[in-house]
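Read the structure below first, then the notes.
The values are calculated or read from the model by the stated rules, or taken from the named source; none is laboratory data. Computed from a predicted structure; not experimentally measured. Cβ atoms come from the backbone with ideal geometry, glycine included; neighbour counts cover every protein chain shown. With ligands, DNA and RNA removed, areas are computed over all heavy atoms of the protein, side chains included. Shrake-Rupley method; radii C 1.70, N 1.55, O 1.52, S 1.80 Å.
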Amino acid sequence: MSVNFNNNSKHVSYYNFGSGSLRNLEGLLDQKKGFKLFLIDHYFENKNIVQKLPVKEGDVVFFISTLHEPKTTVIDETLSHFLQLKGNEKPACIVGIGGGSTLDTAKAIANLYNNPGHAEAYQGWDLVKNQAVYKIGIPTISGTGSESSRTCVMTNSKTGLKLGMNSDFTIYDQLILDPDLTKTVPDKQYFYTGMDTYIHCIESLAGSHRNAIGDAFSREALQLSREVFLSDDMKSDKNREKIMVASYLGGVAIANSYVGVVHPFSAGLSVVLGTHHCVANCIVMGAMEEFYPREYHEFNTMVQKQKIEIPRGIAANLSASQYEQLFNSTVIHEKPLTNALGGNFKEILTFEKVTEVFKKM
Ligand code: NAD
Ligand code: ZN
């Protein structure tokens, strides 16, 4: 009897949730013999949290810059640095502490330790052949779902491709979900990144590539993000907990579905103008009335409620060649666009239409 592996979904093996759960890291690391590699968002350099981490002699602590989102070449260089430092010895565990950029970098490096070649060779679906180094993810900002998803998004500047290593091996072995860690996120960033969950879920639920389990995760994640961003204090203790759960569920949902129109346009802004993923999504939402009318209005209500400023006009006056590049890096995303608009999406998203949408942002 054959198994339909297209519907065979892997989850994170363990998660430890709740305020203060970071204290359990030491016990988890004690079970692993060998050096530990800590990859930490640069925001935490010299912060209290880092001083309290269970770093032992021989462990390596490395701060990840989030000035740019992960690039394939930077990931390769970072891994080479560790290999030189440790004479090719592999870590017993990799600990990623940060937002989507850091969590994704840790996932990619864990894969590359056990799979030969450069990061770009694994951009795609199920190209990773060997089990990754054991890894623990500790998100410090909520929304991307990187903590629970089976990808690690990377930009290949040479080819313009923004695509991750979609693989079961990319999924974290263990998570520590401690909402205390998100207290220090600035309001704007908290909103932009939190909205990534909302946007993933509205896109999935409006698409044609669906299944009942993905829908259930999306609906709950969407409900939680509405509660957070329509409330008076999006960063209350309760709300930081809720959006952390929403982000986790959203990441699971996306493994069972595809995104839609927003993410391809957002990827265009990231590839051509270097705009960071989550703010780019929010910018795109401002031009989505025709594709997601109800959510377009709801999104604006949330923006006003939380008094968040969304940059405007960033693609209003560009050169002809930039519009050409924006068009190409948007319509290249065939899977989500087919999911949202059908196989003939190119008849809807003509060059003129795509340019008009970018000018509206
Ligand atoms: P990020 O990791 O780039 O962090 C955003 C900013 O918040 C940075 O300046 C960072 O230093 C800061 N920050 C993080 N935690 C903080 C804290 N506790 N206190 C203060 N500042 C803090 O941003 P992100 O929005 O989480 O992630 C974006 C990345 O995630 C993109 O590269 C995107 O492509 C990727 N992504 C991945 C997936 C996936 O499934 N793997 C899904 C969606 C997006
Ligand atoms: Zn996203």
So I308, is it open to solvent by 50 Å² or more (accessible area, probe 1.4 Å), under 15 Å from Y192 (Cβ atoms) and touching a helix residue (DSSP H, G or I) at 6+ places or on another chain (Cβ under 7 Å): no
Criterion (closer than 29 Å to A121 by Cβ, of a type outside the set (K, R) and near ligand 1 (Cβ under 6 Å from one of its atoms)) met by exactly one of T170, T159, T155, T151: T151
Total residues in segment 327-361, condition among the basic types (K, R) and open to solvent by less than 40 Å² (accessible area, probe 1.4 Å): 1
Residues (among the acidic types (D, E), more than 10 Å from ligand 1 (Cβ to nearest atom) and either open to solvent by 10 Å² or more (accessible area, probe 1.4 Å) or in contact with a strand residue (DSSP E or B) (Cβ under 8 Å, 6 or more places away or on another chain) (or both)) located in segment 175-213: D178, D187
Qualifying residue in segment 49-72 (condition: under 27 Å from S157 (Cα atoms), touching a Leu at 6+ places or on another chain (Cβ under 7 Å) and of a type in the set (V, I, T)): yes
Answer from M285, M302 - the residue that is open to solvent by less than 20 Å² (accessible area, probe 1.4 Å), aliphatic (A, V, I, L, M), more than 14 Å from ligand 2 (Cβ to nearest atom) and outside the structural domain of N166 (by TED's automatic domain parsing): M302
Matching entry among L39, L53 (being within 18 Å of the chain's Cα centre (by Cα) and open to solvent by less than 20 Å² (accessible area, probe 1.4 Å)): L39
Among (1) modelled with pLDDT of 95 or more; (2) farther than 22 Å from S9 by Cα; (3) within 13 Å of ligand 1 (Cβ to nearest atom) - the single one G145 does not satisfy: (2)
Residue check for T159: open to solvent by 10 Å² or more (accessible area, probe 1.4 Å) and closer than 25 Å to Y192 by Cα: no
Residue within segment 111-118 that is away from ligand 2 (no atom under 16 Å from the Cβ), polar (S, T, N, Q), open to solvent by 20 Å² or more (accessible area, probe 1.4 Å) and in contact with a Phe, Trp or Tyr (Cβ under 7 Å, 6 or more places away or on another chain) present: no
Candidate set from segment 232-258 (those that are in a loop (DSSP other than H, G, I, E, B) and at pLDDT below 95); member that is nearest to L341 (Cα to Cα): Y258
Odd one out for V272 among (1) in contact with a Leu (Cβ under 8 Å, 6 or more places away or on another chain); (2) modelled with pLDDT of 95 or more: (2)
Residues located in segment 262-275, provided they are more than 13 Å from ligand 2 (Cβ to nearest atom) and buried (at least 24 other Cβ atoms within 10 Å of the Cβ): G268
Those residues of segment 155-170 which are closer than 12 Å to P70 by Cβ and at pLDDT 95 or above, in sequence order: M165
Only listed residue being assigned by TED's automatic domain parsing to the domain that holds F17, open to solvent by less than 10 Å² (accessible area, probe 1.4 Å) and hydroxyl-bearing (S, T, Y), chosen from Y134, Y172: Y172
Pairs where the first residue, in segment 199-212, is more than 17 Å from C278 (Cα to Cα) and among the β-branched types (V, I, T) and the second is within 13 Å of ligand 1 (Cβ to nearest atom) and open to solvent by less than 60 Å² (accessible area, probe 1.4 Å), C-beta under 8 Å, 6+ apart: none
